[in-house]
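J.: The following block contains the structure, expressed as structure tokens.
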Amino acid sequence: MSNTEKNNGQGKAAEANQISLAQKASYDKLIANNAQWVEKRISEDPDYFINLAKGQSPEVLWIGCSDSRVPANEVTGTKPGEVFVHRNIANVCNHTDMNMLSVLDYAVNVLKVKHVIVAGHYGCGGVAAALSNKQFGIIDNWLRHIKDVYRLHAHELDRITDEKQKVNRLVELNVTEQVYNLCKTSIIQNAWMHRHDLEVHGWVIDLGSGLVKDLKVTSSSPHNLGYVYEFENAEAVAVH
Ligand SMILES: [Zn+2]
């Protein structure tokens, strides 16, 4: 091996080491930030963590996109303990997703949340991917749910020629359909049979302004879902 080759090798090793140092720094920053966060909370309220550890009674379940730019607490100005959160790519609420159903059941029936919010966001990469014909891997199967939303609303979406506008309108329609998907679950409908303080809302967050747009699709009864989706009262049936 010539000296030049050796030097190049050392240069590459040093570069690799440099990358790993940068990677370590980005990780260490999280631990350091956590220590600072704890210190700040305790300086404001010495009992903060004693109270936090006692339990939670959030009034809101947030079902949002996994996108790193839409954190539930930051967007809504709420504190730890105030919002129960479930996130997945493109805020899909699928009735065979045990993860989502478990979160929904626990939030509605144990925590007794009063508001379930499906929160999408403009410029959603998941929605844009669903609109394309490209393959992205296993996620293609997840995004199929959004392709189905597109098919349901193709007559409207096909008239939009601007691609960005088309994605953003599909973001709105996807949130709306996911609100209805939640309302179609026996979890939400059984809750409505027993209490009248549970609403399901649809929001879209504008990343450019930070502002939330309420899509005004709030539901508090199953009556607008279509006959076939409306469950009869299981307890009343059992009596007959
Ligand atoms: Zn997204």
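FYI, it's all coordinate maths here, none of it is from the lab. Source: prediction; values computed, not measured. All Cβ positions, even for glycine, are placed from backbone atoms using ideal geometry, and neighbour counts span all protein chains on display.
J.: Arranged by the count of other C-beta atoms within 10 angstrom, fewest first, what order do ARG169, ARG151, ARG69 take? It would help to have the intermediate numbers written out before the result.
T.: Details: ARG169 18, ARG151 9, ARG69 12.
With the sparsest Cβ surroundings first, the list reads ARG151, ARG69, ARG169.
J.: With a 10 Å cut-off between alpha carbons and a GNM built on the chain, which of ASN190, ASN224, ASN34 moves the most?
T.: Between ASN190, ASN224, ASN34, it is ASN34 that shows the largest mean-square fluctuation.
J.: What is the magnitude of the charge dipole of segment 38-128 about its Cα centre, with +1 placed on the Cβ of each Lys and Arg, -1 on the Cβ of each Asp and Glu, and no other charges, expressed in debye to the nearest 20? Walk me through the intermediate numbers first.
T.: Working: 8 positive and 10 negative charges, 21 e Å.
About 100 debye.
J.: Could I ask something else about it? What pairs from LYS40/LYS114; LYS134/LYS216; LYS29/LYS134; LYS114/LYS216 go past 25 Å between their alpha carbons?
T.: Values: LYS40/LYS114 31 Å; LYS134/LYS216 33 Å; LYS29/LYS134 36 Å; LYS114/LYS216 17 Å.
With Cα atoms farther than 25 Å apart: LYS40/LYS114; LYS134/LYS216; LYS29/LYS134.
J.: Further, regarding this structure: When the chain is modelled as a GNM with alpha-carbon springs shorter than 10 Å, which of ASN133, ASN88, ASN181 fluctuates the most?
T.: Maximum among the listed residues: ASN133.
J.: Now for a separate question. When ranked by the protection proxy of mean other Cβ atoms within 10 Å per residue, highest first, what sequence do the peptides 193-200, 24-31, 205-212 form? Provide the component values of the computation, followed by the final result.
T.: Values: 193-200: 14.4, 24-31: 9.5, 205-212: 12.9.
Going from most to least packed, we get 193-200, 205-212, 24-31.
J.: By counting other Cβ atoms within 10 Å of each Cβ, how are THR185, THR218 ranked from fewest to most?
T.: Details: THR185 21, THR218 13.
Fewest-to-most ranking of THR185, THR218: THR218, THR185.
J.: Determine the percent antiparallel among the DSSP beta bridges restricted to the chain, to the nearest 5. Before the final figure, lay out the partial values.
T.: Details: 4 of 22 bridges.
DSSP beta bridges in the chain are roughly 20 percent antiparallel.
J.: Give me the aspartates and glutamates in straight-line cross-link reach of LYS54: C-alpha distance below 19 Å, same-chain residues under 8 apart excluded.
T.: List returned: GLU44, ASP45, GLU82.
J.: Taking the chain as the reference, fit the longest principal axis to its C-alpha atoms, fit the long axis of helix 3-44 to the helix C-alpha atoms, and give the angle between the two in degrees, 0 to 90, nearest 10.
T.: 50
J.: Oh, and also: Relative contact order of the chain, please, whole-number percent, based on alpha carbon pairs below 8 angstrom and at least 6 residues apart. Write down the numbers at each step before the final one.
T.: On the way: 292 pairs, mean separation 40.8, N = 240.
After rounding, I find 17 percent.
J.: What whole number of Å gives the distance from the Cα centroid of segment 153-223 to the Cα centroid of segment 56-92?
T.: Centre-to-centre (Cα) distance: 16 Å.
J.: Structure shown: which of LYS166/LYS213; LYS112/LYS147; LYS147/LYS184; LYS164/LYS213 lie over 22 Å apart, alpha-carbon to alpha-carbon? Mind showing how you got there, number by number?
T.: On the way: LYS166/LYS213 17 Å; LYS112/LYS147 33 Å; LYS147/LYS184 19 Å; LYS164/LYS213 17 Å.
Those over the limit are LYS112/LYS147.
J.: With springs only between Cα atoms under 10 Å apart, run a GNM on the chain and tell me which of ASN109, ASN33, ASN99 wobbles the most.
T.: The residue with the greatest mean-square fluctuation here is ASN33.
J.: Helix 139-152 sits at what angle to the longest principal axis of the chain, using alpha carbons and giving 0 to 90 degrees rounded to 10?
T.: Roughly 40 degrees between the two axes.
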